[in-house]
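S.K.: Just dropping this structure here.
The values are calculated or read from the model by the stated rules, or taken from the named source; none is laboratory data. These numbers were taken from a predicted model, which means no experiment stands behind them. When we count neighbours, we look across all protein chains shown, and the Cβ atoms used for this are built from the backbone with ideal geometry, even at glycine.
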Amino acid sequence: MRRIAYIFLCFFAFLGAPAQAVLVTDKPAAVMMVEKLNTALLDNMKQGKELNFAARKEKIAPVVQEVFDLETMTRVSVGSGWQKLSEDDRKKLTEAFAGWTIATYASQFKNWSGEEFIIKDFTDPQKPDVMVNTEIKPKTGKATVLNYRLRQKPTEKNDGPWQVIDILLDGSVSQLALRRADFAAVFNSGGAPALITHLNALTGKLEAAG
């Protein structure tokens, strides 16, 4: 469980019982986003024996695109060099990052053995960033804690969606920081083309593994 978690966000064989997502009540928009992700992941896990990689990827892709602020996550992963990129390079990098993210979920969330996704609580929804604290609880053993950091997309009417910009494993290990350590190094050595190639290679490995 913990090894899977470190791959991206804690990424499980359908036994015939319904999957469950235990939720808090009176949910603000940020919590509803995490709920949507949990439900989609459990659905893919539940159907893991019936769906191949391509089908799982197709099902999860629109949810990942909606729930995550992939452009912001790509920018932070690249570092200061992002400011010097053309709009075209930024777009291509974000697309490659999104493809890898979607492939990671399709690859890792494909089996279910009784896990529950439990939304425990959340911080003040009036703050700039909201933490939605969750657990992936197995049938036996210790739960994995995942804290999602969400930020509202800025708009003129202040009505943009709340999207995930980082995930903290066990409340302290930033998945975005772990990615930045790898991706920024590739970017610094070969620019946008090198990082796009690196991300596409990672995606290809996941696709080959199924």
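S.K.: Counting only residues that are in contact with an Asp or Glu (Cβ under 9 Å, 6 or more places away or on another chain), of a type outside the set (A, V, I, L, M, F, W, C) and not in a loop (DSSP other than H, G, I, E, B), which one in region 108-128 is surrounded by the most Cβ atoms within 10 Å (Cβ to Cβ)?
M.R.: Glu116
S.K.: What are the residues in region 120-153 that are of a type in the set (A, V, I, L, M) and over 18 Å from Leu176 (Cα atoms), if any?
M.R.: Those that are of a type in the set (A, V, I, L, M) and over 18 Å from Leu176 (Cα atoms): Ile136, Ala143.
S.K.: Filter region 44-62 for residues that are at pLDDT below 95 and more than 18 Å from Leu206 (Cα to Cα); which is surrounded by the fewest Cβ atoms within 10 Å (Cβ to Cβ)?
M.R.: That would be Glu50.
S.K.: Further, regarding this structure: When you scan region 41-97, how many residues do you find that are among the charged types (D, E, K, R) and not in a helix (DSSP H, G or I)? Can you show your working first?
M.R.: Applying the first criterion (among the charged types (D, E, K, R)) to region 41-97 yields 43, 46, 49-50, 56-59, 66, 69, 71, 75, 84, 87-92, 95.
Narrowing further to those that are not in a helix (DSSP H, G or I): 49-50, 69.
Total meeting the criteria: 3.
S.K.: Counting only residues that are exposed (fewer than 12 other Cβ atoms within 10 Å of the Cβ) and in contact with a helix residue (DSSP H, G or I) (Cβ under 7 Å, 6 or more places away or on another chain), how many does region 154-210 have?
M.R.: Summing the residues that are exposed (fewer than 12 other Cβ atoms within 10 Å of the Cβ) and in contact with a helix residue (DSSP H, G or I) (Cβ under 7 Å, 6 or more places away or on another chain) in region 154-210 gives 2.
S.K.: Another question about this same structure. Can you name the condition, by its number, that Tyr105 falls short on among (1) outside any strand (DSSP E or B); (2) more than 21 Å from Val64 (Cα to Cα); (3) not acidic (Asp, Glu)?
M.R.: (2)
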